[in-house]
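A short worksheet on the structure shown next.
Readers should treat all values here as calculations from the given coordinates under stated rules, not as data from a laboratory. Not measured: the values here are computed from a predicted model. Every residue, glycine as well, gets a Cβ built from its backbone with ideal geometry; the counts of neighbours run over all protein chains shown.
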Amino acid sequence: MANRTPPAVTPTTPIGPDVDLDAEDVRLPDGTRLTERQADEIVDEVRRRVGRPSLTGESAVSPRITFRITPAVRDRAAAIAAHEGKTVSQLAREALEARVAADSGASGTGR
């Protein structure tokens, strides 16, 4: 079986009619028949996996920080991240964590 990239699904991707798995014989890659119950379980599993894992290691949502930067900084950050095999988010998180860690030794006056 050849490796193929699945098509991209966007909000404008046309969706065909539902398949009645009780009436139609749809097979999984291992040859077993796909049932409505299995399809529901697959959908539930996919929905649980949506999004990135929590940074806390628990099933809690990690807090987000959003800020603006210049296009030049964004482009340079993207180049650095790509060179290091990271995402821009990872690079930004590391920089902020290092700054906060460096300040934790300060007098605690809240500058």
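What to note about this one:
- Cβ-Cβ under 7 Å pairs, at least 6 apart or on other chains, segment 54-75 side within 16 Å of Leu91 (Cα to Cα), far side surrounded by fewer than 10 Cβ atoms within 10 Å (Cβ to Cβ) and of a type in the set (S, T, N, Q): none
- Within segment 10-65, the set of residues being assigned to a loop (DSSP other than H, G, I, E, B) and charged (D, E, K, R) comprises Asp18, Asp20, Asp22, Glu24, Asp25, Asp30, Arg49, Arg52, Glu58, Arg64.
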